[in-house]
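A short worksheet on the structure shown next.
The values are calculated or read from the model by the stated rules, or taken from the named source; none is laboratory data. From a predicted model like this one, the values you see are computed outputs, not experimental measurements. Note that we place each Cβ from the backbone using ideal geometry, even for glycine, and neighbour counts take in every protein chain shown. For accessibility, only protein heavy atoms count, side chains too; no ligands or nucleic acids. Shrake-Rupley method; radii C 1.70, N 1.55, O 1.52, S 1.80 Å.
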Amino acid sequence: MKKICFYFELHQPFRLKRYRFFDIGNDHYYYDDFQNEDIFLRVTEQSYLPANRMMLQLLQEYPDFKVTYSISGLAMEQMEYHRPELLNSFRELAATGRAEFLADTYAHSLSSLYDEVEFRNQVRMHNEHIQDVFGFTPRIYHNPELIYSDEIAAQVSAMGYKAMVTEGAKHVLGWKSPNYLYRSATEKPLELLLRNAPLSQMIGEDFIRYSSPDYPVTADKFLGRIKNLPVGEDVINIFLNYAVLGTSYPAECGIFDFFRAIPRMASEYGVGFATPSEIIAENSPVDEISVIYPISWSREEKSTNDWNGNILQQGVIDKFVRWGERIRMVQDHRLLQDWIYLQSSDHLYYMSTIDNGHNPYTPYQSPYDAFNNYMNVLSDFLLRVESQFPSSVDNEELNSLLLTINNQNETIENLKKEIDALRKKHLNK
């Protein structure tokens with residue numbers, strides 16, 4: 001039987017306020033709280049909450065229905081800040097046992113492309129947060145923007161994940177179909193779940209696009225397309241932004257009715273549903289895939305150019321690489337929090353000059369405006385790091401000094417405990 005695996009991605013960054021050159025050194029708070037709360041609450045009301053209510057109803061009505069989520073750590077933080085009931089609604093979905101949660105980088109960062117240590121740390125942070133919030137241990141990894149390469153596969157496999165979701169890019173697959181389970185050519189234990197781009201785009205991009213040959217997109221048409229896939233092509237991975245339901249496409253467009261119809265009609269087309277864990281348990285890889293240069297789910301070329309394709313973005317990433325090791329030595333919670341927030345992939349995306357810089361999702365007038373604002377923030381942040389850990393002290397010497405200080409602090413704590421124990425013993429005589 002052909003199985004659909006629905007994946008939904010949820011991420012909301014902490015957007016930066018207008019931060020001018022003269023704010024550097026004077027203002028250490030970087031975020032536009034009003035805009036962040038306004039956008040988050042609007043998307044929650046339009047999309048996240050009604051979508052969760054619908055998904056819970058579908059899971060209760062149709063025992064075969066399954067759903068999978070990738071929720072960034074920053075999105076979960078904003079749920080906790082602004083709408084705890086949204087987090088509770090995800091807990092309800094988790095409690096059904098038929099909603100799976102994927103691992104991610106905590107900040108939805110692209111650290112897998114530039115810093116292996118930072119990448120590992122953020123994946124661990126995200127994993128621990130998912131466990132704390134949902135009581136679920138992710139077994140499958142999803143990299144932001146579905147970015148993947150052989151080098152990233154090695155890092156993900158080393159962290160113990162058995163499978164990873166990525167894009168079924170044509171230039172990688174060639175004549176092969178994305179509708180099978182594959183494995184990494186370099187990391188044999190790592191299995192690969194490939195997004196079916198045409199079917200995902202049928203919902204995510206063409207649902208109300210009048211010029212699309214698939215318009216109007218209906219559950220009949222979608223399921224019929226799956227039913228008519230060649231024999232053996234039984235793994236259909238549909239990966240979407242969750243905001244497709246209600247924000248990208250308002251409820252009046254029929255997007256919620258479309259999803260309600262799919263599990264109701266699926267059996268008529270001989271189609272079922274699965275989570276990614278079920279897919280890798282029930283299927284064997286049919287072939288290996290090698291990806292030398294990183295791919296993503298972006299545009300026709302499926303490259304990472306939207307985030308690291310120009311000199312502005314590369315300049316920011318260079319700062320991440322050069323300062324990462326030093327910043328990870330910091331004990332200051334506020335600095336570490338800012339470091340995480342500033343690595344969100346959105347900040348790099350706003351600097352993209354593709355399509356002449358006309359990015360419909362950016363709050364800035366141009367990529368150069370985004371770059372200038374971000375670099376002003378980053379300059380102040382690095383001054384704060386410099387004030388605690390001067391660059392005149394190299395990383396190895398600094399690490400040695402911090403280790404000495406930590407050992408001294410531990411010795412002091414142990415001595416305090418001994419004094420307290422002796423004091424209690426004396427009082428009891």
* Asked: Across region 190-206, which residue is most open to solvent (accessible area, probe 1.4 Å) among those that are out of contact with any strand residue (DSSP E or B) (no Cβ under 8 Å at 6 or more places or on another chain) and within 28 Å of Asp150 (Cα to Cα)?
  -> Pro198
* Asked: Just to be sure, is Tyr69 under 30 Å from Trp307 (Cα atoms), over 19 Å from the mean Cα position of the chain (by Cα), in contact (Cβ under 8 Å) with a residue 40 or more places away in the chain and open to solvent by less than 10 Å² (accessible area, probe 1.4 Å)?
  -> no
* Structure fact -> Asn241 passes all but one of the listed conditions (1) polar (S, T, N, Q); (2) touching an Asp or Glu at 6+ places or on another chain (Cβ under 8 Å); (3) surrounded by 20 or more Cβ atoms within 10 Å (Cβ to Cβ); the exception is number (3)
* Conditions (1) in contact with a Ser or Thr (Cβ under 9 Å, 6 or more places away or on another chain); (2) over 22 Å from Tyr114 (Cα atoms); (3) surrounded by fewer than 18 Cβ atoms within 10 Å (Cβ to Cβ): number failed by Arg209 -> (1)
* Asked: Taking region 178-207, which residues are closer than 25 Å to Val231 by Cα and charged (D, E, K, R)?
  -> Arg183, Glu191, Arg195
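For Ala154, indicate whether it is within 29 Å of Asp115 (Cα to Cα) and small (Gly, Ala, Ser).
yes
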* To do: Tell me which residues, restricted to region 283-312, are free of Cβ contacts under 8 Å to residues at least 24 places away in the same chain and assigned to a helix (DSSP H, G or I).
  => Ile311
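Among the residues that make up region 28-50, is at least one of them assigned to a loop (DSSP other than H, G, I, E, B) and exposed (fewer than 15 other Cβ atoms within 10 Å of the Cβ)? Working first, answer last.
Quick first cut of region 28-50, residues assigned to a loop (DSSP other than H, G, I, E, B) only: 28-30, 32.
If we keep only those that are exposed (fewer than 15 other Cβ atoms within 10 Å of the Cβ) as well, we get 29.
Checked region 28-50: at least one residue is assigned to a loop (DSSP other than H, G, I, E, B) and exposed (fewer than 15 other Cβ atoms within 10 Å of the Cβ).
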* Structure fact -> With criteria (1) open to solvent by less than 70 Å² (accessible area, probe 1.4 Å); (2) without any contact (Cβ under 8 Å) to a residue 40 or more places away in the chain; (3) out of contact with any Asp or Glu (no Cβ under 8 Å at 6 or more places or on another chain); (4) farther than 24 Å from Arg139 by Cα, Lys17 comes up short on (3)
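Would you check which residues across region 91-108 are part of a loop (DSSP other than H, G, I, E, B) and not hydrophobic (A, V, I, L, M, F, W, C) and list them? Spell out the reasoning first.
Step one: filter region 91-108 for residues part of a loop (DSSP other than H, G, I, E, B), giving 96-98, 102, 104-108.
Correct list: Thr96, Gly97, Arg98, Asp104, Thr105, Tyr106, His108.
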* Asked: Taking region 173-187, which residues are open to solvent by 40 Å² or more (accessible area, probe 1.4 Å) and in contact (Cβ under 8 Å) with a residue 60 or more places away in the chain?
  -> Lys176, Tyr180, Arg183, Thr186
* **Of all residues in region 276-311 being of a type in the set (Val, Ile, Thr), open to solvent by 10 Å² or more (accessible area, probe 1.4 Å) and out of contact with any Phe, Trp or Tyr (no Cβ under 9 Å at 6 or more places or on another chain), the one that is farthest from Ile226 (Cα to Cα)** => Ile311
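Restricting to region 252-266, and then to whatever is in contact (Cβ under 8 Å) with a residue 40 or more places away in the chain and either open to solvent by 50 Å² or more (accessible area, probe 1.4 Å) or of a type in the set (Ser, Thr, Tyr) (or both), can you tell me which residue is nearest to Lys2 (Cα to Cα)? Give the derivation first.
Here is the first cut: in region 252-266, the residues in contact (Cβ under 8 Å) with a residue 40 or more places away in the chain are 253, 255-256, 258-266.
Filter once more, keeping what is either open to solvent by 50 Å² or more (accessible area, probe 1.4 Å) or of a type in the set (Ser, Thr, Tyr) (or both): 253, 260, 264.
Values: Cys253: 28, Arg260: 19, Arg264: 16 Å.
Among them, the one singled out is Arg264.
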* In region 109-136, which residue that is modelled with pLDDT of 95 or more and part of a loop (DSSP other than H, G, I, E, B) is surrounded by the most Cβ atoms within 10 Å (Cβ to Cβ)? -> Leu110
* Within region 87-102, tally of residues that are surrounded by fewer than 22 Cβ atoms within 10 Å (Cβ to Cβ) and not charged (D, E, K, R) -> 8
* **Filter result for the condition that a residue is modelled with pLDDT of 95 or more, out of contact with any helix residue (DSSP H, G or I) (no Cβ under 9 Å at 6 or more places or on another chain) and open to solvent by less than 60 Å² (accessible area, probe 1.4 Å), over Asp346, Asp338** => Asp346
* To do: Would you be able to tell me the number of residues in region 333-356 that are among the acidic types (Asp, Glu) and touching a residue at least 60 places away in the same chain (Cβ under 8 Å)?
  => 2
* **Checklist (1) on the phi < 0 side of the Ramachandran plot; (2) touching a residue at least 24 places away in the same chain (Cβ under 8 Å) applied to Val231, failing item** => (2)
* Asked: Can you tell me which residues in region 45-98 are among the hydroxyl-bearing types (Ser, Thr, Tyr) and more than 18 Å from Asp346 (Cβ to Cβ)?
  -> Tyr62, Thr68, Tyr69, Ser89, Thr96
